[in-house]
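Accompanying notes for the structure given below.
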Amino acid sequence: MKKLALVVDMYGCPNRCKHCWIGHMSNKKMPQGSDEFLINYFSPFFDSIEYYSWVREPDYCSEYKSRWEKDIEISKNSRPSRFELASFYTLNHDDNYVKFLKEVGTKVVQLTFFGLKKMTDKYVGRIGAFNELINATNILLDNNISVRWQAFINKENKEDLIELLQLSKNMNLEERCQKNGNPFKFFIHSGSCDGENMKLYDLRIDKKEIPLKLIPYYLDYDHTYEEKEICEILKNDNSFLNFSKKDKIVINVANNFDIFFNYTHMKKEWKIANIKKEKASVVINKIINNDVYAINVAKKISISNLVKECGNYESSKIFFIDDYKMYLLNKYLQKISMNKSDIYKM
Ligand code: SF4
């Protein structure tokens, strides 16, 4: 095999967002030397390995600078990327962090909201999160880094998001970002329906409930459907969910060394293996053959049957088709687990 990205939960995350697609996990600093262990474990099987010391909040550690240098140093025949992401927690707690972001060439940072103060604090799971996001916006702009505001919409916060949009105007974000040469962007969406967000299914917004003022800001709105429309589209689809490998395999590593593909939440039905307990040759075989409980289930049930088992023809909730297929599979896994408790003994 050729390319691997190892995405490792070495430090955890200060937040507990209610939409978190990965799912909530405990924060635990992984033991010293975990990075070398991981690289050595996979190195014989891959030509190149990009190493990331975070799968949740990036740079959520006091030694973020040396950590980034170590990620680069330890990667094999490859270099990890910086994304348009940063730790808004660290921006609020360490004055030097924004200088580091500039040093590594950050031009834009995406920040995530759920409305104004009450809603954002509630959905990030931390009192003060909203104020930190506003403060982070100002710190970034004062240092010539543009911002992008992403907001998750549901039945409970839809009116708040209109006010959030207005706040972005009151803060002159368009004008302030323009000065940096990277335009301000505000966008909303409902997120995929897995991880913690799956628990918010009842609050998922109906397509018709999206306030008119916000439709122009809904991500890829023209490719959204009501749930019942997707059920009609897929009810005769006799194909199966596709898990064929791309050029690069991405493996998420939990802080207890359980490993997962990055298709959906890091829950046990998606666990490939625990690499402290299983030999590398066995694990690599599982990776190549997609030998994962959830994928093995998906190989046996067509999309039309997933719709028959778990689709909701009464629902007008908004979805993208691919997210909905994954939601159907996760729903089906939940359904069969109720009958077969032994499948979780993995
Ligand atoms: S969505 Fe991101 S910031 Fe929020 S809890 Fe999940 S990993 Fe942390």
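Read the figures in this text as sums done on the coordinates, not as results from a lab. Treat the numbers as computed from the prediction; the structure is a model and nothing was measured. So basically every Cβ, Gly included, is an ideal-geometry build from the backbone, and we count neighbours across all protein chains shown.
For the stretch 257-346, chymotrypsin sites (Phe, Trp or Tyr not before Pro) are listed when DSSP marks them as loop and at most 12 other Cβ atoms sit within 10 Å of their Cβ; the list is Y313.
In summary, the lysines within cross-link reach of K213, defined as a Cα separation below 25 angstrom excluding same-chain residues under 8 places away, comprise K18, K117, K118, K122, K155, K158, K169, K185, K228, K317.
Within the stretch 59-105, the chymotrypsin sites (Phe, Trp or Tyr not before Pro) that combine a DSSP coil assignment with at most 15 other C-beta atoms in a 10 angstrom radius are F83. Overall, the ratio between the Cα radius of gyration of the stretch 223-282 and 2.2 N^0.38 Å, rounded to two decimals, is 1.57.
Mind listing which trypsin sites (Lys or Arg not before Pro) in the stretch 246-322 are in a DSSP loop and have 15 or fewer other Cβ atoms within 10 Å? The qualifying sites are K246, K276, K277, K279, K299, K300.
Take every pair of alpha-carbon atoms less than 8 Å apart whose residues are at least six positions apart; their mean separation over the length of the stretch 1-123 yields a relative contact order of 27 percent. Semi-axes of the equivalent ellipsoid for the chain, computed as √(5λ) from the eigenvalues of its C-alpha gyration tensor and ordered from largest down, come to 32, 30, 17 Å. Each 5 Å bin from 0 upward holds the following percent of the Cα-Cα pairs of the stretch 101-239: 2, 9, 18, 19, 18, 14, 9, 6, 3, 2, 0. When the charge dipole of the chain is built from unit charges on Cβ atoms (+1 for Lys and Arg, -1 for Asp and Glu) and taken about the Cα centre, the candidate among L328, I288, C13 whose Cα reaches farthest toward its positive end is I288.
Bridge orientation summary for the chain: considering DSSP beta bridges with both residues in this region, about 30 percent are antiparallel. For the residue pairs K70/K246; K76/K267; K277/K300; K208/K308; K299/K325, alpha carbon separations beyond 18 Å are given by K70/K246; K76/K267; K277/K300; K208/K308.
Taking the Cα centre of the stretch 235-321 as reference, the dipole from Cβ charges on Lys and Arg (+1) and Asp and Glu (-1) amounts to some 240 debye. Only Cα sites of the stretch 67-174 enter the Debye sum here, all with the same form factor; the resulting log10 I(q)/I(0) across q = 0.12, 0.20, 0.22 1/Å is -0.47, -1.04, -1.18, listed in q order.
Across the stretch 1-68, the volume of the C-alpha convex hull divided among the residues equals 100 Å³ per residue. Look at the alpha carbon pairs under 8 Å that are at least 6 residues apart: their mean separation over the length of the stretch 161-261 gives a relative contact order of 18 percent. Look at the alpha carbon pairs under 8 Å that are at least 6 residues apart: their mean separation over the length of the stretch 83-165 gives a relative contact order of 37 percent.
According to the calculation over all Cα-Cα pairs in the stretch 1-140, the P(r) per 10 Å bin from zero is 11, 39, 34, 14, 3, 0 %.
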